[in-house]
1. Looking at Gln166, Gln129, Gln136 in this structure, which one is more than 30 Å from Glu55 (Cβ to Cβ) and open to solvent by less than 80 Å² (accessible area, probe 1.4 Å)?
2. Can you run down the residue pairs with Cβ atoms below 6 Å, 6 or more apart or on separate chains, where the first is in the range 90-101 and touching a residue at least 60 places away in the same chain (Cβ under 8 Å) and the partner is surrounded by 10 or more Cβ atoms within 10 Å (Cβ to Cβ) and not hydroxyl-bearing (Ser, Thr, Tyr)?
3. Does at least one position in the range 110-117 carry a residue that is among the hydrophobic types (A, V, I, L, M, F, W, C) and surrounded by fewer than 10 Cβ atoms within 10 Å (Cβ to Cβ)?
4. Among the numbered conditions (1) open to solvent by 100 Å² or more (accessible area, probe 1.4 Å); (2) over 59 Å from the mean Cα position of the chain (by Cα), tell me where Gly68 comes up short.
5. Those residues that are modelled with pLDDT under 75, part of a helix (DSSP H, G or I) and either over 25 Å from Gly85 (Cβ atoms) or small (Gly, Ala, Ser) (or both), I need them from the range 45-71; list them, please.
6. Based on what the data block shows, is Lys119 within 19 Å of the chain's Cα centre (by Cα), in a helix (DSSP H, G or I) and over 30 Å from Thr184 (Cβ atoms)?
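The values are calculated or read from the model by the stated rules, or taken from the named source; none is laboratory data. If you're wondering where the values come from, they're calculated on a predicted model, not measured in any experiment. Virtual Cβ from ideal backbone geometry, glycine too; neighbours counted across all protein chains shown. Side chains included, ligands, DNA and RNA excluded: accessible areas come from the protein's heavy atoms. Shrake-Rupley method; radii C 1.70, N 1.55, O 1.52, S 1.80 Å.
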Amino acid sequence: MEGDEEEDYMSDLFIKQDVRPGLPMVRRVKEAIQKEEKQKEANEKNRQKSIKEEEKKRRDLVLKSALGNENKGFALLQKMGYKSGQALGKSGEGIVEPIPLNIKTGRSGLGHEELKKRKAEEKLENYRQKLHMKKQANEQAADQFRIRFKTKQEERKMEGDLRKSQRACQQLDMQKDIDVPKETWFWIEPEEEDKKDEEDKEDECTSSDLSVSEKLHILTAYLREEHFYCIWCGTTYEDTEDLSSNCPGDSAADHD
């Protein structure tokens, strides 16, 4: 049993121990010094705290107690007819309680708290203004996006109506043995008929400075006058009178 309780001098625990002479003593001394310094700091903080608390207690006690005859100022007031609990002034309209003390415990100068408060209010106001401006900017951006999106949709719709009118014009002209269109852009060019993606199509009439809406208006009028045809109705009428009486109008808005 005694052999089992003895330390194993070949174990890792024994081999890893630092056996330099004097080292354990130096370590213990350093730890004791550090512990003593920490205890001194704690004692100093507690002493300062206790002093401040004691001063506050004494101050509160004095402020709560009423002035006695031993106070010279109070004695002078009594000689002039003042009685305890009476308001100041000839007609008794003054204050009853003394002006409260505002104890300043910090090291900042007079007016620092007001300045700090004013700066905080200014900072908060600036932050609110930035939020308001950011909100307005986001709303304006959203409005502009909606307008651009709506305009783009209207442009795509007019481009589709123009191509529809060009196909109808070409078909009706050929039925009347018209081999050449009145204007080059009245018909769709052959290479553009095979394109499926309408967004990637270029302007069919690069030689003309007319806009899509202007071309659509001109071509619609030509189809109505020459062929009595309305692309919105998709109908060919017998004559001008039949067209005028049965067709709601010469624009897409008239057919909505």
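1. Exactly one of Gln166, Gln129, Gln136 is more than 30 Å from Glu55 (Cβ to Cβ) and open to solvent by less than 80 Å² (accessible area, probe 1.4 Å), namely Gln166.
2. Note: no pairs meet the criteria.
3. Within the range 110-117, one or more residues are among the hydrophobic types (A, V, I, L, M, F, W, C) and surrounded by fewer than 10 Cβ atoms within 10 Å (Cβ to Cβ).
4. Among (1) open to solvent by 100 Å² or more (accessible area, probe 1.4 Å); (2) over 59 Å from the mean Cα position of the chain (by Cα), the lone unmet condition for Gly68 is (1).
5. Selection gives Lys45, Asn46, Arg47, Gln48, Lys49, Ser50, Ile51, Lys52.
6. Considered against the rule, which asks whether it is within 19 Å of the chain's Cα centre (by Cα), in a helix (DSSP H, G or I) and over 30 Å from Thr184 (Cβ atoms), Lys119 comes out as no.
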